[in-house]
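The values are calculated or read from the model by the stated rules, or taken from the named source; none is laboratory data. Computed from a predicted model, the values in this text were never measured in an experiment. Here the Cβ positions follow ideal geometry from the backbone for every residue, glycine too, while neighbour counts run over all protein chains shown.
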Amino acid sequence: MTVLTQTFLRELRAKHDVSEAVFLTDHAYHLSVALNRAGLRFQTILHGNLNAVERIFREIKCRTSLLSNSFSHVDPATAET
């Protein structure tokens with residue numbers, strides 16, 4: 001997982017100026033390791049705004065899964081229309 005995170009951070013740095021950013025993490029070891037290796041600042045937070053963001057991503061993931069299941073038996077051409 002650390003390699004994937006490092007790749008994401010490398011692409012993020014290429015597209016955005018994150019030198020002054022402070023990344024919020026939740027005890028995700030791979031994330032803190034990758035941020036450390038990239039020389040980026042981070043802060044571990046267990047409660048608060050981070051949990052709100054996680055709820056949004058959880059909801060998106062759930063809805064995407066439900067949509068995918070709805071079209072799992074359909075011919076791809078039919079699903080596109």
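The helices (runs of 4 or more DSSP H) found wholly in the chain and carrying at least 2 residues that are among the charged types (D, E, K, R) and modelled with pLDDT of 90 or more occupy 2-15.
Note on segment 1-42: residues that are more than 20 Å from E54 (Cβ to Cβ) and surrounded by fewer than 10 Cβ atoms within 10 Å (Cβ to Cβ) total 8.
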